[in-house]
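First up is the structure itself, then whatever we jot down about it.
The values are calculated or read from the model by the stated rules, or taken from the named source; none is laboratory data. Treat the numbers as computed from the prediction; the structure is a model and nothing was measured. Here the Cβ positions follow ideal geometry from the backbone for every residue, glycine too, while neighbour counts run over all protein chains shown. Side chains are part of the model used for accessible areas, which takes the heavy atoms of the whole protein and leaves out ligands, DNA and RNA. Shrake-Rupley method; radii C 1.70, N 1.55, O 1.52, S 1.80 Å.
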Amino acid sequence: MSFRLFDAPLREPSQFVGFAGNRIDRQSENRADDVVEKALADPKARLMLMHGGRLYLKLADGGFDPWFKAAESSAFEAPLDRGVLLGFSNSGPVLAVPAGVEPEKLPETVKAIDYRSVYMQGLIDEEAAGAMAQGAALLAWHASHAFCSKCGNPSEMRAGGYRRHCPACGTDHFPRTDPVAIMLTVTRDKCLLGRGRHFAPGMYSALAGFIEPGETIEAAVRRETLEEAGIRLGRVVYHASQPWPFPYSLMIGCFGEPLNEDIQADLNELEDCRWFERDEVRSMLDRQHAGGLITPPRGAIAHHLIRAWVDSEQEQGADR
Ligand SMILES: [Zn+2]
């Protein structure tokens, strides 16, 4: 008897979120301590230069080019020995290097643009955006973990940037990825959206919160929804995930089924939280809402959770 994981055709929702286009072969089993050096010796090596949450972009043919050659790095005060090897693309090694030149001192032909704008405005292709997410998360981790958390002495980059080693006490430290649960509470007819205090005007989104130590994804989804909205959840289902380099999170998107409907919003966290009918949400997705309300942009996993629920109407109807 053959084993089939699913009967449905394979259509992985995570492949449609922002930053999911990373095609780099990480070759994680081959990370000797000299991999950065060897990669830089390859004339085909391509570098992303980053500084304070911004990506340097060359103005090129009316668009933006995020790639630099190793020989160009010194002009941007980018020390190659602090570079990390992201892996290998079809056109050679790919690295990310912290650069030192302040944005206002860059030449006219190079701009420093914050990661969020780079991806929200689609300034680079999806493959490069995926590489940016990988490099941004790694460089942010190195920048904030220069010292050993066990003994306090300076630690050193190893394994192409995928490890830091403390020569004083021998401890190895590994890059962090912080899991965040993001969840859309749904019934057949309506879903629960909230408005954070820092959101863009008119925007409502799925609720979200960090997963805590000792918690399952499902438990975190239930806890956050209860804390933020006073809604108890029954069934929780995983939908998709998204690398989120602010600074090094993984967004884990789920749907939840409510057991009660009376909202008690935590107004310390949220400015507003309420139920939205399907047609209203569709108008928000399509930027046609009469009151100007909107959902997050296409690159965000919240958009995909909301879109998947809105589009599920036909399938739900067919079930009945
Ligand atoms: Zn140490």
Worksheet item: Under 7 Å by Cβ, and 6 or more places apart or on different chains, what pairs join a residue from the stretch 114-129 that is under 14 Å from residue 296 (Cα atoms) with one that is part of a helix (DSSP H, G or I) and open to solvent by less than 20 Å² (accessible area, probe 1.4 Å)?
Response: 119/129
Item to complete: Take residue 213 and decide whether it is touching a residue at least 12 places away in the same chain (Cβ under 8 Å), open to solvent by 40 Å² or more (accessible area, probe 1.4 Å) and either in a loop (DSSP other than H, G, I, E, B) or within 16 Å of the ligand (Cβ to nearest atom) (or both).
Response: no
Worksheet entry | Condition check for residue 151: more than 20 Å from residue 304 (Cβ to Cβ) and open to solvent by 40 Å² or more (accessible area, probe 1.4 Å) | yes
Discussion item. Give me the residue from the stretch 139-159 that is in contact with a Pro (Cβ under 7 Å, 6 or more places away or on another chain) and without any contact (Cβ under 8 Å) to a residue 40 or more places away in the chain and, out of that set, nearest to the ligand (Cβ to nearest atom).
Written reply: 147
Worksheet item: On the given criteria, is residue 117 closer than 30 Å to residue 61 by Cα and either within 16 Å of the ligand (Cβ to nearest atom) or not in a loop (DSSP other than H, G, I, E, B) (or both)?
Response: yes
Worksheet item: What pairs can you find where one residue is in the stretch 160-182 and in a strand (DSSP E or B), the other is of a type in the set (D, E, K, R) and within 9 Å of the ligand (Cβ to nearest atom), and their Cβ atoms are less than 7 Å apart, with a gap of 6+ or different chains?
Response: none
Discussion item. Based on this model, can you work out whether residue 92 counts as away from the ligand (no atom under 16 Å from the Cβ) and in contact (Cβ under 8 Å) with a residue 60 or more places away in the chain?
Written reply: no
Response to the item:
Of those in the stretch 160-172 that are open to solvent by 20 Å² or more (accessible area, probe 1.4 Å) and away from the ligand (no atom under 12 Å from the Cβ), the residue farthest from the chain's Cα centre (by Cα) is 163
Worksheet item: Given the conditions (1) closer than 19 Å to residue 204 by Cβ; (2) in contact (Cβ under 8 Å) with a residue 40 or more places away in the chain, which single one is not true for residue 247?
Response: (1)
Discussion item. Condition (residue is open to solvent by less than 50 Å² (accessible area, probe 1.4 Å), at positive phi and touching a strand residue (DSSP E or B) at 6+ places or on another chain (Cβ under 9 Å)) applied to the stretch 189-204: is it met by at least one residue?
Written reply: yes
Practice prompt. Test residue 175 against the criterion of being open to solvent by 70 Å² or more (accessible area, probe 1.4 Å) and either out of contact with any Lys or Arg (no Cβ under 7 Å at 6 or more places or on another chain) or within 30 Å of residue 85 (Cα to Cα) (or both), and give yes or no.
Written response: no
Worksheet item: In this structure, does residue 94 turn out to be in a strand (DSSP E or B) and crowded, with 18+ Cβ neighbours inside 10 Å?
Response: yes
